[in-house]
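Enquirer: First, the structure itself, so that you have it in front of you.
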Amino acid sequence: MEKVWEELKKIEAQAEQIRSEAQKNAKDITILSQKEAEKLLSNSKNYAQQEARELYASTVEEANRSRDQQLKANQQTTEALAKQAQQRMDKASSTIVADVLGET
């Protein structure tokens, strides 16, 4: 009976050791998981910031391109209107001179 009792004590001690090791392993895994999660979060933030910078740069570039195209179109319109105004001014001047000189 005493042998059985001693064997039970050994088994109980082993079970306690296994439980203790399992708790320690679980704690270590939890700590490691938390560190990995923090690392992933940090990487995600860095990635998001990089994406935001690239998107901002792309948007600024597109806005500059659009502005340059609009400016070019406005310059062409201005030149056409200036040419048309000059033609009308020449015609008006000729008409006024003709009217003043009596050449109708």
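Enquirer: Tell me the angle of helix 2-101 to the major Cα principal axis of the chain, expressed in degrees between 0 and 90 and rounded to the nearest ten.
Expert: With both axes taken from Cα atoms, the answer is about 0 degrees.
Enquirer: For residue 28 and residue 95, compute 0.36 nm times the residue count separating them, minus their Cα-Cα distance, and round to one decimal in nm.
Expert: 14.2 nm
Enquirer: Taking 7 Å along the Cα-to-C-beta vector as the label spot, tell me the residue 71-residue 54 distance in nanometres, rounded to one decimal.
Expert: Spacing of the two 7 Å Cα→Cβ label points: 2.8 nm.
Enquirer: Size of the dipole of the chain about the Cα centre, Lys and Arg at +1 and Asp and Glu at -1 on the beta carbon, nothing else charged, in debye to 20? Walk me through the intermediate numbers first.
Expert: Details: 16 positive and 18 negative charges, 17 e Å.
The calculation lands at about 80 debye.
Enquirer: Here is a follow-up. Can you figure out the FRET efficiency of residue 13 with residue 35, using R₀ = 41 Å and their beta-carbon distance, to the nearest 0.05?
Expert: Efficiency computed from Cβ-Cβ geometry: 0.80.
Enquirer: Can I ask one more? Residue separation times 0.36 nm, minus the C-alpha to C-alpha distance between residue 46 and residue 84: what's the value?
Expert: Using 0.36 nm per residue and subtracting the Cα-Cα distance, I get 8.0 nm.
A short reminder: the numbers here are calculations on the coordinates, not readings from a lab. Source: prediction; values computed, not measured. Virtual Cβ from ideal backbone geometry, glycine too; neighbours counted across all protein chains shown.
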